[in-house]
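The values are calculated or read from the model by the stated rules, or taken from the named source; none is laboratory data. The shown structure was predicted, so the numbers you read here are calculated from the model rather than taken from an experiment. Ideal geometry is used to build each Cβ from the backbone, glycine not excepted, and the neighbour counts take in all protein chains shown. The protein model used for the area step is the full one, side chains on, heavy atoms only, and it has no ligands, DNA or RNA in it. Shrake-Rupley method; radii C 1.70, N 1.55, O 1.52, S 1.80 Å.
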Amino acid sequence: MTAHETAPAPAFAQLMRAEDATEAVRRDLGECWAAVINAGGAVVPMGCPLPPVAPPQVEPAVEAVVQGLAPQRSRLLLASVGDALAGWVLLRREPHALEAHCGTVNHLQTHVRFRGTGVGAALMRRLPVIAREEMGLERLRLSVRAGLGLEDFYRQVGWTEVGRWPGALRVAPGDDRDEILMSLAL
């Protein structure tokens, strides 16, 4: 797909338990994650080298996400176009009782083949419905790296910037970026 084509509406699937993630799904998640990292995405997992990376280098991070799945605590939302994984996002309930009404959104990724086609926005429109109606959450939060325009994307799908941690992210020596904190009331 080219950057300005519109993908057919993606089909959504949820993974709620580790056993829901087949080997093929895990492979697709790793391939997507590596492709996103190599294209300059801001989702480099802890312990993963800086780009370029190969899918086996993100397998431990994929496995950690999959092993943390539980219906009321953590879910993966997958978007597929045809037989291809077009994107995915992780939704987690905060574990502490004081924050259990809130969820955290991590790792929104659109496979590079589907960038600019609306897949990421479709995931972010579907996610609040799951959070509210299926998990009983009242608010979502996420953080993004400044300097990539990501905050503009999230604003377009309803999120509000609520704060910044100046210089919190060191991308390279001399390249410190703000971490932008965003919220969505459900």
- Task: State whether the residues of the stretch 66-79 include one that is outside any strand (DSSP E or B), in contact with a Gly (Cβ under 9 Å, 6 or more places away or on another chain) and open to solvent by 20 Å² or more (accessible area, probe 1.4 Å).
- Result: yes
- Note on the structure: When the stretch 27-65 is checked residue by residue, the ones that are surrounded by fewer than 17 Cβ atoms within 10 Å (Cβ to Cβ), touching a helix residue (DSSP H, G or I) at 6+ places or on another chain (Cβ under 6 Å) and farther than 24 Å from R170 by Cα are E31
- Only unsatisfied item for W159, checking (1) over 28 Å from V25 (Cβ atoms); (2) crowded, with 19+ Cβ neighbours inside 10 Å; (3) among the aromatic types (F, W, Y), is (1)
- Message: Just to be sure before I move on: is G87 touching a residue at least 40 places away in the same chain (Cβ under 8 Å), of a type outside the set (S, T, N, Q), buried (at least 20 other Cβ atoms within 10 Å of the Cβ) and not in a strand (DSSP E or B) in the structure I sent?
- Response: no
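Applying the selection to the stretch 135-156, what residues are small (G, A, S) and open to solvent by 40 Å² or more (accessible area, probe 1.4 Å)?
Correct list: G136, S143, G147.
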- Taking the stretch 26-65 as the region of interest, how many residues are part of a helix (DSSP H, G or I) and among the hydrophobic types (A, V, I, L, M, F, W, C)? 12
